[in-house]
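The values are calculated or read from the model by the stated rules, or taken from the named source; none is laboratory data. Since the structure is predicted, the reported quantities are computational estimates derived from the model, not experimental observations. When we count neighbours, we look across all protein chains shown, and the Cβ atoms used for this are built from the backbone with ideal geometry, even at glycine. Please note that ligands, DNA and RNA were not included when accessible areas were found on the heavy atoms of the full protein model with its side chains. Shrake-Rupley method; radii C 1.70, N 1.55, O 1.52, S 1.80 Å.
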Amino acid sequence: GANSGLVCTINDIDHVRISCFVPGLDCNSAYKECEKMDEILQKGLQFAASYDFGYLTSCIKDSGSGMKISCRVHLPSIAFLNEIPKLFESLYSKGIVAEPAFGMSAEIGASIGSFYQLSSCIAGNGSELEQIANFTGNMKAVIELERKSRDTVLQKRTTEVTNQILKSYSLAKFCLLFDLRDSIKIISDIKWGKNLDLIKEIDDSELTSLIYRVQESHLKYVIKNGNYNFPMDISANEKKQVERFRSLILQDTFEHLKICE
């Protein structure tokens, strides 16, 4: 369907790659959409496969079901408690690898805004449905750990976490120029504050869309196709125009945000 989130890539790393993106931890819906496309393609294409190894691909880890499952997660409480290395070591032992979703932050191994991409790394351990069940179970455990870590943060380090969130809110409210790294960090802190019930009057959907609205290419496209008056000193500087526009988007989105007493 038009909103199925289905994408097919031809002749990239694989000859054919079928991808599906869905909100939430709904791996089954994503798999069903991919399965439908796979069945259509099977009618006209001969995929390399064997009875012993399943699908044969350019990477031995992808042989078997030929399927990779990924989930984007926001883990600020676990990161704040410095528990990320231990968690990711545990996940790796279960066949799941972690990568920063928006690039590395200054801390070793940390991700900007504590957004991570968690992915299965082996496609040969069981059927598609078994792999989905295993991956989903591990992701639910990660989510539960983040929720428990929130409670720990609130009970034992309230002043520190409140300070971090208020600092990000103050930057968003008053600064005139933002690069992408800083804006992702601020969005993360505001989202974290909302989840900790320290902030209200903003929805998760607004914060999720904001992550993409502040991306470089999106802002350049909007500026190019709009009629905006920038200050004279940056009117010929595309980089600074993007940074200025990014700050205006943050301020507009956070306009009605309230700090809980």
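Quick notes
- The aspartates and glutamates whose alpha-carbon is closer than 17 Å to the alpha-carbon of K258, local same-chain residues fewer than 8 away aside, are D189, D197, E201, D203, D204, E206.
- D14 paired with I40, simple spin-label distance in nm, labels 7 Å along Cα-to-beta-carbon: 1.6 nm
- Scattering from the chain was approximated by placing one identical point on each alpha carbon and applying the Debye formula without solvent; log10 I(q)/I(0) at 0.16, 0.17 1/Å stands at -1.24, -1.31.
- Translational diffusion of segment 63-179, µm² s⁻¹ [Kirkwood Rh, Cα pairs; Stokes-Einstein; 4 °C; 1.567 mPa s]: 82 µm²/s
- Fraction of accessible area attributable to carbon and sulfur, the chain (%, probe 1.4 Å): 53 percent
- Förster radius 35 Å - calculated FRET efficiency between L248 and K140, Cβ distance, rounded to 0.05: 0.35
- Subset of K86/K194; K68/K220; K86/K140; K86/K200 violating a 24 Å alpha-carbon distance limit: K86/K194; K68/K220; K86/K200
- For segment 125-261, the gyration tensor built on C-alpha atoms gives an oblate shape. Its axis ratio a/c (a ≥ b ≥ c) is at least 1.5, and a/b is not larger than b/c.
- Between S50 and D179, the simple label model (points 7 Å from Cα in the Cβ direction) yields a spacing of 4.9 nm.
- Each 5 Å bin from zero holds the following percent of Cα-Cα pairs in segment 83-140: 4, 18, 26, 22, 15, 9, 4, 1.
- Working note: Cα gyration tensor of segment 180-230, eigenvalues times five, square-rooted, sorted largest first, giving semi-axes of 26, 11, 9 Å.
- Cα centroid separation - segment 199-220 against segment 91-105, whole Å: 23 Å
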